[in-house]
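The values are calculated or read from the model by the stated rules, or taken from the named source; none is laboratory data. If you're wondering where the values come from, they're calculated on a predicted model, not measured in any experiment. When we count neighbours, we look across all protein chains shown, and the Cβ atoms used for this are built from the backbone with ideal geometry, even at glycine. Please note that ligands, DNA and RNA were not included when accessible areas were found on the heavy atoms of the full protein model with its side chains. Shrake-Rupley method; radii C 1.70, N 1.55, O 1.52, S 1.80 Å.
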Amino acid sequence: MKIFLDTANVEHIKEASSWGIIDGVTTNPTLIAREGRNFEDVVKEICSIVDGPISAEVVSMKSDEMVEEAKGLAQIHKNIVIKVPIMPEGLKTMKRLKELDIKTNATLIFSPNQALLAAKVGATYVSPFIGRLDDIGHIGMDIIRDIMIIFENYKFESEVIVASIRNPIHVIDAAIAGAHIATVPYDTLRKMVKHSLTDVGIERFLSDWEKVPKVK
Ligand code: E4P
């Protein structure tokens, strides 16, 4: 399973990337705004840290403008993937970007139908937002299971990025469902590596090691 980091914070990206487990990064306008920095500068810096797909989102609402925006973003670095919201103008845009050989990530997916349509226009990635579904009383992971079956039935090439992850259990469930990628917030990633028994174990080994007679 590939793990992407869902953040625009370069310090977090540097740290997680040094662990050797980060395959890509997803950003969105909210995550970029949180950093209080110029969009292009942040994206460029992320591309210099992680050698994998880096999603950057368009904010235009009309296909012609989305395509122009996407062309500009794609010039920043070869690894840029254009995040496009799922809606009719977004579908048109992803189809056109596919023809231009520009990779896309269909974002704000909340149903298997939306994922199906994104796959049909050749989106490189589809991003179902499971946490936001959980927030309103649905079982977000259900749509991941359905999407995986649909994509397998028709051998769609789009990869599923499980997005809007809120906790480590979401990552496990995504992996069990066979999702290609989980895009994980930094705090969730830290929780994934931690276990209280590991901490106690390390402490005990270190204190017992102190009791071992050292060679003179
Ligand atoms: C995915 O690409 C999005 O950036 C992200 O997962 C959204 O998550 P949120 O619901 O925590 O904002």
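Excluding same-chain residues fewer than 8 positions from K214, which aspartates and glutamates have a Cα within less than 20 Å of its Cα?
Output for K214: E203.
For segment 1-18 and segment 62-134, what is the separation of their Cα centres, given in Å?
When both Cα centres are located, 21 Å separates them.
With label points built 7 Å along Cα→Cβ from the Cα atoms of E11 and H180, find their separation and express it in nm.
Taking the two extended label points, one gets 3.4 nm.
For the chain, what does the equivalent ellipsoid look like in terms of its semi-axes, each the square root of 5 times an eigenvalue of the Cα gyration tensor, given largest first in whole Å?
Gyration-tensor ellipsoid for the chain: 36, 21, 14 Å.
If R₀ is 30 angstrom, what is the calculated FRET efficiency for the pair D64 and T30, using the beta carbon separation as r and rounding to 0.05?
Calculated value: 0.75.
Nothing charged except the Cβ atoms of Lys and Arg (+1) and of Asp and Glu (-1): what's the magnitude of the dipole of the chain about its Cα centre? Round to the nearest 20 debye.
360
Between helix 63-74 and the chain, what is the angle of the helix's C-alpha long axis to the longest principal axis, kept within 0 to 90° and rounded to the nearest 10?
So the helix axis and the longest Cα principal axis differ by about 40 degrees.
Using Cα springs under 10 Å in a Gaussian network model of the chain, which residue among T104, T30, T93 shows the largest mean-square fluctuation?
T30
For E210, E69, E40, write out the residues from largest to smallest accessible area, computed with a 1.4 angstrom probe and no ligands counted.
Descending accessible area places them as E210, E40, E69.
So what is the calculated 222 nm ellipticity per residue for the chain, using -39500 (n - 2.57) for each DSSP H run with n of 4 or more, over all residues, to the nearest 500 deg cm²/dmol?
-15500 deg cm²/dmol
When only Cα pairs under 8 Å and 6 or more residues apart are kept, what is the percent relative contact order across the chain?
Computed over the chain, the figure is 17 percent.
For the full complex of protein chains and a 1.4 angstrom probe, list R96, R204 by accessible area with the highest value first.
Descending accessible area places them as R204, R96.
Treating cross-link reach as a plain straight distance, find the lysines whose alpha-carbon is under 19 Å from the alpha-carbon of K83, omitting any fewer than eight places away in the same chain.
Here the lysines satisfying the reach criterion relative to K83 are K2, K44, K62, K71, K92, K95, K98, K103, K120.
Ordered by packing density, taken as the mean number of other Cβ atoms within 10 Å over each peptide's residues, highest first, how do 45-53, 71-79 rank?
45-53, 71-79
Using only the Cα atoms of segment 108-185, what are the Rg and Dmax in Å?
When restricted to the Cα atoms of segment 108-185, Rg and Dmax are 11.3, 32 Å.
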